[in-house]
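Have a look at the structure below, then the notes.
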Amino acid sequence: MSITRRKLLASSLLAAAFNPLGKTLAAGADVAHSSAPWHNWSGYLQSNPAQRFAPKSEQELADFMKGNAGGVRPVGAGHSFSPLVPTNDALVVLDNLSGVVAYDDASTTAVLRAGTRLSDSGPMLDQIGQAMINLPDIDRQTIGGAIATSTHGTGLGLGSLSAYVTSVRLVTPEGRVIDANRNDNPEIYQAARTNLGALGVLTEVGFQNRKPFKLKSMAWVEKTNTVIESFAERCLEYEHYEFMPFLHADFSLVIAHKETDGALKPPVPEEDQGDIFGVLSNLPVFARRPVINFLVEAIEPSEAVEASYLALTNIRNDRFNEMEYSVAVEDGLACVREILDTVTKLGIDALIPLEYRVIEKDDSWLSMFSGSAKASISIHRMAGYDYKPYFDVIEPIFWKYGGRPHWGKVHSLGYDELSNLYPHLDDFIEVQTELDPSGKMLNQHIAKILNRNV
Amino acid sequence: MLKKSLKVFAKQAASLLALTSAGVSLRRLLLVTAMTSLSVFTLTGCETKELQGVLLTQPSASETAQAQHKWVRSCALCHVNGEGGAPKVGDAAAWQPRLEQGGDVLLAHTLQGLNRMPPLGYCMDCSESDFRILIDFMSRGAQ
């Protein structure tokens, strides 16, 4: 297990400040009772868990699950915008279960504990000569949380994190520990690769990785029409390619990564860009286009060369709520155009660009990419602002294109609609019901998805 | 209040542009800013509040040990390097204006989130008591 520079610094600061006498202090039990509500990352979701349990070992977790008759919801980094986590019963926090459990050089696979944050997994894997094949752009998520919702990055031929899961180990709602892979418990394996946190609590996840690699990161602003017209060609040119069309504007921000053997070139530190969007938000929507065009055209292209795990992930400091649907790749560009036109036509007062990515198919039952490659399109509204008027207008456009909602992002669908979009939903429900007959792992949102009673 | 919220909104929205590590021409920004500067400008009162302690009671060794463990895996994600403008651990100057708001306000901001600080600061199993210990530590860590 590796220690990142941040953790090393953190540990040395702690040694001096918390523990000036240099004594080793044993950590106490980790069952916290708090009167403060739990909130997700954006602050939109909240609940009042009766207890928050952070096991320090798998055995502690198994004992807890066995002895706990009430409801249980596991939480990672709280980055889901859909109410997968909220519970007034027990919240299980996996932060103590972190690190590399085992790895194999020959097959380039590694098993990580489910509470490992993506930001920590990069250096950990690098130390054992491995790297994840692709990564999402937010680095604070935990492995367990990311797998639960088929979290993804972008790139032609590159799948979501769930696509590269080779094995899982989970503690069932009744406290049993189960290992699953393609050969052993194959149905649990397929269900667990995108599990909504509904099968129990994942403790370990095995990944197919690759040897460490470097990426040249490039970002530039370009006319949206040009980006759309050249999209297929560019996806072949860059291993990881996405664009973010600005609303009420004619331009997109393009982000591309290409593998390289070139020398490392750290990114230029960001400048304080001032209150650009504060200024824009004071302008009437109909007057924004020329101003936004004028501003974004001035964004200078940037380049950097970094290890893949640094290039692909970011710290997403600023909080928002998000809706994302995945549509057939051949429909994606028409769908994004329709959304842009609708935002303009209706004068929707939103400023954050859309995000457009492509993801390879996988065979995980509940992945948004199960069975076919997809284009994912995201819309965002800043935290603290009511996203419903905007999202409610755009969601039917996604439906029109047969879109599948991202499990961790805002959507309004229940079992009836989802069972038409996810052919294996009933298979998942069968496994879930078998593992959790009493419905310990259900909250209202998950019960609505799975057509079960809480 | 609305204008203050808009400014917060603006800073947050701008972060998506920050993914590029690119800068917007200052001249262009100033031009546009000048167009609407009157409407954006807000007056804020300047009030000095009495310094309040964050800790309600002296933590036990066990409570301190728990908080120590939690700090490394949560607060340290941002407060070591100052991600997103987070006050760095031990940076007395950065913490001073926050401490002046009082321990209860700091705790409330931690629980509910504020600007770029997510609610609970990535510590999902921290109690209020843990947060008070952690805030106290970070605000005096360099001593």
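Annotations for the structure displayed:
- Computed from Cα atoms, the angle from the helix A:388-400 axis to the main principal axis of chain A rounds to 90 degrees.
- Shielding by partners - mean other protein chain Cβ count within 10 Å, residues of A:279-287: 5
- Legend: calculated FRET efficiency, A:Ala69 to A:Asn451, from the Cβ-Cβ distance at R0 = 25 Å, rounded to 0.05, equals 0.60.
- Across peptide A:308-316, the average count of Cβ atoms from other chains found within 10 Å of a residue's Cβ is 2.
- Accessible surface of A:Trp399 - all protein chains present, 1.4 Å probe, nearest 10 Å²: 110
- When +1 charges are put on Lys and Arg Cβ atoms and -1 charges on Asp and Glu Cβ atoms, the dipole computed for chain A relative to its Cα centre reaches about 920 debye.
- Burial order of peptide ranges A:427-433, A:367-373 (average beta-carbon count within 10 Å, highest first): A:367-373, A:427-433
- Per the accessible-area calculation with a 1.4 Å probe, the total area buried between chain A and chain B rounds to 6800 Å².
- Calculated SAXS-style log₁₀ I(q)/I(0) at q = 0.09, 0.13, 0.15 Å⁻¹ - the stretch A:151-269, Debye, Cα scatterers: -0.42, -0.72, -0.82
- Taking amide H positions as modeled 1.01 Å from N, with prolines and chain starts lacking one, the residues under 5 Å from A:Thr154 and 5 or more places away or on another chain are A:Leu135.
- Inter-centroid distance (Cα atoms) of the stretch A:41-72 relative to the stretch A:241-262, Å: 40
- Computing FRET efficiency as 1/(1 + (r/R0)^6) for B:Gln101 and A:Ser57, where r is the C-beta to C-beta distance and R0 is 30 Å, gives about 0.15.
- Column: log10 I(q)/I(0), Debye, Cα scatterers of chain A, q = 0.07, 0.09, 0.13 Å⁻¹: -0.35, -0.60, -1.26
- Compared with the dominant principal axis of the Cα atoms in chain A, helix A:58-67 is inclined by about 80°.
- When each of A:Lys214/B:Lys88; A:Lys216/A:Lys345; A:Lys56/A:Lys440 is checked by Cα-Cα distance, pairs over 26 Å: A:Lys214/B:Lys88; A:Lys216/A:Lys345
- Other protein chain C-beta atoms within 10 Å of residue C-beta, averaged over A:38-46: 4.
- Relative to the longest principal axis of the Cα atoms of chain A, the long axis of helix A:5-17 makes an angle of roughly 60 degrees.
- Summary value for chain A: 17 percent relative contact order, contacts being C-alpha pairs under 8 angstrom separated by 6+ residues.
- Point-charge dipole on Cβ atoms (K/R +1, D/E -1) for the stretch A:134-213, about Cα centre, debye to 20: 200
The values are calculated or read from the model by the stated rules, or taken from the named source; none is laboratory data. On a predicted model such as this, the values are computed, not experimentally measured, just so you know. Cβ atoms come from the backbone with ideal geometry, glycine included; neighbour counts cover every protein chain shown. The area values use the complete protein model at the heavy-atom level, side chains included, leaving out ligands, DNA and RNA. Shrake-Rupley method; radii C 1.70, N 1.55, O 1.52, S 1.80 Å.
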